[in-house]
Amino acid sequence: MTDFRVKGRGRVNTDKPIKFTFDDQTFQGFEGDTVASALLANGVHLMGRSFKYHRPRGVVTASSEEPNALIGTTRGKGRFEPNTRATIQEIYPGLKTESQNKWPSLKFDLGAINDRLYMLFSAGFYYKTFMWPRSFWDSVYEPIIRKAAGLGKAPTEVDPDIYASRYMHCDVLVVGSGPSGIAAALTAGRAGSKVVLVDENSEMGGTILSEPSVSIDGQSAWDWLEGAMAELDRMPNVRRMTRTTAMGYYHQNMIGLVQKLTDHMGDVPDGAPRERMWRVRAKEVVLAQGAIERPMVFDGNDTPGVMMAGAAQTFLNRFGVLVGKKPVVLTSHDSAWYSAFDMADAGASVVAIVDTRNELPKALQNAAKARGIKTYLGYTATGTKGRLRVSALRVNPVRNGKVGAGHMLFCDAVLVCGGWTPSLHLFSHTKGSLDWDADAKVYLPGHKTEDVHIAGAGRGLWGIAAALDDGTKAGMDAVKSLGGKAGSATYEVAEDRTGTGITQKELPTDRNPGKAKAFVDFQNDVTAKDIRLAVREGMKSIEHVKRYTTNGMATDQGKLSNMNGLTIASDALGKEAPKVGLTTFRPPYTPTTFGAFAGYHKGTHFEVTRCTPIDSWAEENGAEFEPVALWRRAWYFPKAGEDMHKAVARECKATRESLGIFDASTLGKIEVSGPDATEFMNRMYTNPWTKLGVGRARYGLLLGEDGFIRDDGVIGRMRHDLFHVTTTTGGAARVLNMMEDYIQTEWPDLKVWLTSTTEEWATIALNGPNARKVLEPFVEGADISAEAFPHMSVRECTVAGFPSRLFRISFTGELGFEINVPARHGRALWEKLWEVGKKYDICPYGTETMHVLRAEKGFIIVGQDTDGTVTPLDAGIGWAIGKMKSDFVGKRSLDRPDIVAPNRKQLVGLLTEDPKTVLVEGAQIVDNPNQPKPMKMIGHVTSSYWSESLGRSIAMAVVEGGFDRMDDTLHIPAENGAIVKAKVTGTVFYDPAGDRLKVE
Amino acid sequence: MNAPVTSFDAVSVSVLPPVARFNLRIAPADLATVSKAFGLTLPTKIGQGEQNGDRAAYCIGPDEWLLHAAEADQQAIVAAFNAVREKTPHSLVVISDRELTISVTGPAALDLLSVACPLDLSRMANGSAKRTVFDYAQVVLIRDGEDAFRIEVWRSFFPHVHGLLEIAARELAIGL
Amino acid sequence: MLLIHCPYCDDTLPELEFSYAGEAHIARPADPSKLSDEEWRDFLFIRTNVKGVHAERWRHINGCGRFFNALRDTVSDRFLTTYKAGEARPDTTTLEAAE
């Protein structure tokens, strides 16, 4: 294997060789190498296959905008990542990498047949081809496209890595650590501002790393850089962060940073996070992100070995790697000439510099001549030779617009530069306007919407001296905006490389341009021809061209392709570029892992899991749980061998026959207190509260102003000026918010205050004919006999010595109590009741049994039997409306025309013809099952259970005009094509007279 | 609850024993009466705290205060407020069991809190308190000193908040 | 994530502490029973949905708990000002001039 490493060049640590693999072959690089630089050092250019045509592709850049060299990396079990940019991934011992989009191998790929068929795959191919016939979509087209589509292969295992996140606040955030970023950070740092300087690379310096021949303040560029870094590190108010990408710029100077912490490490510290997302709030932002080199568009411009001239310069100077020994430079910008000079000075035989321009500065031409480099001015490139690696470039003179005869320049690399595009992606995220500079043919930052300063090449400035000066100015401006004053600084720069260039569309050719494979977007395989075709077919805006051709829609988000695409589209349309538009850049700046966004929110911390004080007992006693809002609630308590059906049947039976115990702690609780508490309750709830005595409780129903049921719960009157309000589990926060809203904004004159006590109390429900027998001995300070403590009462007392608010209420239809004790005592009380209850075969039950028992009694669950379109009248609980009340929230709406209209959906009971059939909740109901499809649906099943007590199924449903359909038979089409018949009934299935509450 | 103390050189996370805790809501004009009942002049500006021995009061809303006292004093404080309620209407609700308190101390306390607290804590004065969010949970954050904070969090949100702090404390100890 | 100024706390704080609460200055009628169906419909459902400066309610729900009003430009997502519940809507022209 040939070694392309140049002695004495680059910043890699040649004392530390590192072995890694690419497609199972072992390669050696050095500490400081990326996968791309290490492979190039070994003479490997071919690093992947393209997405659509599976064309062989080599690395084209040395940075994060790389569209071609996307690899899969494996960092151990479960740690496979596709589409990693080989130009960013640093090597470490044992790193395993692989190429993508190839089968069976990178060098011989069967998918490349698409390339031979490329005439079929032109722009808009998908839109045109797969439209017809429609029935083919599901069965033929989609499966094939799905198989062929996808960039790289998706990981198959759960990501075992840890991701972290932090918030950060600073005065000045500087994005990009090239000369302008460093100058800005130095300026603001010296002025005492809290500065954060970030760069996506492993090392700071930007351009300086690629241009060691420049001298700054009498030092070599790299010595100056070292000094600048040391100075920044000495300042306690400055923080430097490498491997950190500013991926999005959001409102009011919030910037998302993704810091890669361990991807470059062979030995990752145990428990270390892989990446950390920083959410930074910066008072001022300096964007110093430089510029991105543009490719040139000509036939065969994607052949491996054709790459950016600036990238070649970076590979040489930063990594000590010659990308070729016989390169040709093809350019329309002065900068590539310097790349050619650096290559020549490092020992490469530069075959030629081909420039599309006719006129060039003499100094450049002389410098080329001095190095013996041939130059071709006013030339175009019209083709390449070589499939897996470029072997020649075909060039032709262009005279008076005519392309002359071509000849071959034999070479092993073609280094291109089609000019530079200021990197304004983050600025674009802020909706800052971009102004077209007609001379330079670039977009430059215009109107700003945030406190942001752009410096250096981002403003179209060229050269290190200009960048340092502009960065200094940006730093001073930022400090000034902060209300401070920063000292100026001047930098003496020698051997600076300044220059100009022109922008052009696809290069002219003497061949049939319709057959040219002149790529604009490498990753999505979009050619110049595709863009012209899109325009011919009527796409007039660049946004349409983009979507029709997919230009700029790859993972590099058009960093290389957008400007060339725009130039070609504007030429085809005969309009100036700004009239054609510019597609919008959106976050993230570079591909970002889902892990970085998720941060700590995985596994146990995916979401808050709220547990009650009694949850641990349920877990120890084998409960199955279900999520209810954020809570996890005991669902049922299966005994050995029981499924849910059997467990619930047993729990229901035990509760009805003797005694059940239930954890009701999740119910929302609100303390409504103050001299106007009664007036407030009268206004909020449908029910009347004035005459409710202290010590009594009442079912309360809460509507929205639209008249629909919002919440319900039992409310106890503790004092004349104090109510203990309960809400549904899921409605607790909502109801409190709604009440506060009315108190604060509608009725601020009322003296009433609210406090949530949901979590102050643990709530245990005891239900069943033996409930009182178990509870009574524990109670002190209250008589809970049937006469002294009737149904719907509340007392303050102690239970088992714990201060308590004790309710006599029932959500099961049995004799029932709800005991509220301070949360810390919840489990202790539960265990005491449990011990004593054993002589009555006390049975713990979960939410499922609670649902069955209440459904047997026809008690609704808000949110299950109601859905935000159900009024109290629809739900059959008009009795809860205080008829004498002049107003309450939602009252006016109960007279709205739509609410009093006939045939509203009303809540009824359903009994299936076959008592063993349990309907599916959510099933749709039809009147006549023989009608043609689609059938008219007249309602749906809201609750459905097996009732062990009744020995049959029961259900509730909302049905159009349901109250007038009593005893009618309705039909419920089932999944398997069967039709279930069910009779409409009332909703109280069990003990309609309420006799079971009357236990002495 | 006796969760173990998670302690590293730079930061320590521990769970504090219970206190008597109250939510007081009252018209600001009536503060003087209840200040007397509580034995501490209640602060009037949102965020401010006042402390005297084991009694502390933090203003967390225009008409809302968080009160702390020794556990043994809970009944006496309830009685003292009850005595003035008819003349000076207010709402005093015992919330001693609603929240649990986590202490975060050490030189890296600010870093630790920054994992899930969106506030610029360098602006938070010692002795002040603020209702805010910590990740997905509403909390009251109290700053006792440069490197000393308390987080009061509703009981059911405690495992989430405390777990996150422990994860982050270990992360800080790794030093990346 | 926006920064929002709470007029009660007199502090500018992260959006995470706040929740949106719909259009501002829509008072509940003192006696809804006096309203025609159309008037009541307008109160319930009809909103301005402006493109531009919108008067809207926010609640400092994870802070001082107060509902307050804000003028926000729905195009730029910028807050022009915030003010306490019950206060009149500030004059937009002077605020925009100050921007």
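Dipole of the protein assembly as shown computed with +1 at Lys/Arg Cβ and -1 at Asp/Glu Cβ about the Cα centre; of A:498, A:544, A:380, farthest Cα towards the positive end is A:380. Shielding value for A:730-739 is 1, the average number of Cβ atoms from other chains within 10 Å of each residue's Cβ. The share of C-alpha pairs in region B:20-94 whose separation exceeds 14 Å stands at 53 percent. In region A:903-1000, the ratio of gyration radius to Kirkwood radius, Rg to Rh, stands at 1.02 when only Cα atoms are counted. Converting phi to 3J(HN,Hα) with the Karplus coefficients 6.51, -1.76 and 1.60 and the offset θ = phi - 60°, region B:128-134 yields 9, 9, 7, 7, 7, 10, 10 Hz in sequence order, with x at every glycine or proline.
Name every cysteine in chain C that ends up alone, with no second cysteine's Cβ under 4.7 Å, or say none. For chain C, the answer is C:64, because their Cβ atoms have no other cysteine Cβ under 4.7 Å. With 19 Å as the limit, the listed pairs A:325/A:515; A:107/A:546; A:52/A:77; A:283/A:480 have A:325/A:515; A:107/A:546; A:52/A:77 beyond it between alpha carbons. Annotation: amide H of residue A:713 within the under-5 Å range of A:700, sequence separation 5 or more or interchain, hydrogens built in the peptide plane. Calculated over region C:3-98, the projected area of the Cα convex hull averaged across directions stands at 7.1 nm². Averaging the Cα positions of each part gives two centres, and for region A:388-408 and region A:977-1000 these lie 89 Å apart.
Summary of the geometry: region A:881-960 and region A:509-525, compared by the centres of their Cα atoms, lie 64 Å apart.
Distance from the C-alpha centroid of region A:593-656 to that of region B:1-61: 34 Å, rounded to the whole angstrom.
If you take the alpha carbon atoms of the protein assembly as shown and fit the smallest convex hull around them, that volume is 207 Å³ per residue. Straight-line reach from residue A:362: taking Cα to Cα under 14 Å and skipping same-chain neighbours fewer than 8 places apart, the aspartates and glutamates in range are A:334. 3J(HN,Hα) along region A:899-916: 7, 9, 5, x, 6, 5, 6, 10, 7, 10, x, 10, 10, 5, 4, 8, x, 7 Hz, from the Karplus curve 6.51 cos²θ - 1.76 cosθ + 1.60 with θ = phi - 60°, whole Hz, x for Gly and Pro.
Think of it as helices only: each DSSP H run of n ≥ 4 in chain A is worth -39500 (n - 2.57), and spread over all residues that comes to -6000 deg cm²/dmol at 222 nm. The mean count of C-beta atoms from other chains within 10 Å of the C-beta of residues in A:757-769, rounded to a whole number, is 3.
Sorting the segments A:267-277, A:398-408, A:486-496, A:282-292 by their mean number of nearby beta carbons within 10 angstrom, highest to lowest, gives A:282-292, A:267-277, A:486-496, A:398-408. Between residue B:74 and residue A:924, the distance separating the two model label sites (each 7 Å from Cα on the Cα→Cβ line) works out to 5.5 nm.
Take the Cα of residue A:370, step 7 Å toward its Cβ, do the same at residue B:9, and the gap between the two points is 5.4 nm. Close amide H pairs (under 5 Å, H built 1.01 Å from N) link residue A:493 with A:217, residues at least 5 positions away or on another chain. Expressed in Å, the radius of gyration and Dmax of the Cα atoms of chain B are 16.8, 59. Using the average count of surrounding beta-carbon atoms within 10 Å as a protection proxy, the listed peptides A:757-765, A:547-555, B:80-88 rank, highest first, as A:757-765, A:547-555, B:80-88. Which one of A:598, C:30, A:840 is farthest out on the positive end of the charge dipole of the protein assembly as shown, using unit charges on Cβ (Lys, Arg +1; Asp, Glu -1) and the Cα centre as origin? Of the candidates, A:598 comes out farthest on the positive side.
Two tests apply to each whole DSSP H helix in chain A, Cα reach of 18 Å or more along its axis and mean Kyte-Doolittle hydropathy of at least -1.0, and the ones passing both are A:221-234, A:464-481, A:644-657. With a Förster radius of 25 Å applied to the beta-carbon distance between residue A:345 and residue A:410, the computed FRET efficiency rounds to 0.70. Summarising the overall dimensions of region A:295-418 from its C-alpha atoms, the Rg and Dmax are 13.2, 42 angstrom.
Among the listed pairs A:505/A:529; A:773/A:998; A:905/C:34; A:441/A:559, a Cα-Cα separation exceeding 18 Å is found for A:905/C:34. Quarter the surface of the alpha carbon convex hull of region A:1-73 and you get the mean projected area, 5.4 square nanometres. Within the straight-line cut-off of under 22 Å between alpha carbons, the lysines reachable from residue C:51 are A:431, A:448, sequence neighbours fewer than 8 places apart in one chain being disregarded.
Values quoted throughout were computed directly from the atomic coordinates according to the rules given, and no laboratory measurement underlies them. Keep in mind it's a predicted model, so treat the numbers as computed, not measured. No Cβ is skipped: glycine too gets one built from the backbone with ideal geometry, and neighbour counts run over all protein chains shown.
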